[in-house]
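What follows draws every value from the coordinates through simple rules; no lab data is involved. Just so we're clear, the structure is a prediction, and the values are computed from it rather than from any experiment. Reconstructed Cβ throughout: ideal geometry from the backbone, glycine too, with neighbour counts over all protein chains shown.
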Amino acid sequence: MRGPGTHTPPADTQPQPAHNDSVTVMRQAHRWNREPGTWREHGPLIHPEAAREIAAWWQSPGPAGLPFAAFASTGTLTADLAPAIERELSDLTGAAHLDPETREARTALRALRAYLDACPVTVWRVTHTPTPTADPAIVASALTWPTTREALHAHLDEYAATQWPAGCDTDQNDTDHCHRCRFQHDAAGWLAGDPLGFDATPDTAAHTFRHERADHNAAPTWRVERHATTYGAEFPPSPPAP
Ligand SMILES: [Zn+2]
């Protein structure tokens, strides 16, 4: 038995299956699929054990199977697991006559997706406010700080290139650095740290990076926050193909 591993399961699921063989696991998937009146007009969500077992059926070393492997082996939820499930499901929709095996696979994947959607997750989010009177815009959002930092890094590089397209405008030996260099120095400091701490309490933890520009009264800011949400709210399913 695997247990939930590194993810937080939804509060209400079916009881732990006695075995993790495919017949027992599929019994949970069918119960979710057929019982109307609860979550998404379906039956109770499958147990974490069943969810990780289903993920194991689709795991493989290739890019398509890695998000399944991460969840199956350690219980880790990644942003690319939802699109991986959608890709597998879309591969199973074309058949004019669904054979029983295809139907079973669809039920298993949909039960897994429903389970994941209800899992509580904490999301890192960075908003950029160009001036104190401007509206903040989301520039980076991910399940972990390292992934968020990667997106923020790309955003800050692009910001610097847009603000100071000519690049560095001072002599390298000049101690009075240009605006671009000063900004990049600030940005490197922001990216080096763990601004909130990985154990920070969601919804209360926030940190603001401020770049004081000599040529401007209004300093641009970037605010890092952690939000408590669900996997399904953060990675909503694509609308079904027409
Ligand atoms: Zn410079």
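For V139, the amide hydrogen comes within under 5 Å of the amide hydrogens of V126, T127, H128, counting only partners 5 or more places away or on other chains and with H modelled in the peptide plane. Residues whose amide H lies under 5 Å from that of T230, counting only those 5 or more places away or on a different chain, are V121; hydrogens are built 1.01 Å from N in the peptide plane.
With springs connecting C-alpha atoms under 10 Å apart, model the chain as a Gaussian network and identify which of T208, T74, T170 has the largest mean-square fluctuation. Maximum among the listed residues: T170.
DSSP loop chymotrypsin sites (Phe, Trp or Tyr not before Pro) in segment 58-89 with at most 16 other Cβ atoms within 10 Å of their Cβ, which ones?
Loop-located and lightly packed - none at all.
Would you work out if segment 1-96 is rounded, prolate or oblate? Take a ≥ b ≥ c from the square roots of the eigenvalues of the alpha-carbon gyration tensor; rounded if a/c is under 1.5, else prolate when a/b is larger than b/c, oblate otherwise. Could you put the intermediate results ahead of the total?
On the way: a/c = 1.61, a/b = 1.14, b/c = 1.40.
Here segment 1-96 falls in the oblate category.
The string of couplings for segment 136-149 from the Karplus curve (6.51, -1.76, 1.60, θ = phi - 60°) is x, 10, 6, 10, 7, 7, 7, 7, 10, 5, x, 6, 5, 4 Hz, one whole number per residue in order, with x for Gly and Pro. Each residue of segment 56-62 was assigned a 3J(HN,Hα) from its phi angle through the Karplus curve 6.51 cos²θ - 1.76 cosθ + 1.60 (θ = phi - 60°); the sequence is 5, 5, 9, 6, 7, x, x Hz, with glycine and proline shown as x.
Largest mean-square fluctuation among A111, A188, A50, in a Gaussian network model of the chain whose springs join Cα atoms under 10 Å apart, belongs to A188. Our coupling estimate for segment 71-81, obtained by passing each phi through the Karplus curve with A = 6.51, B = -1.76, C = 1.60 and θ = phi - 60°, is 6, 5, 8, 10, x, 7, 8, 10, 5, 8, 6 Hz, Gly and Pro reported as x.
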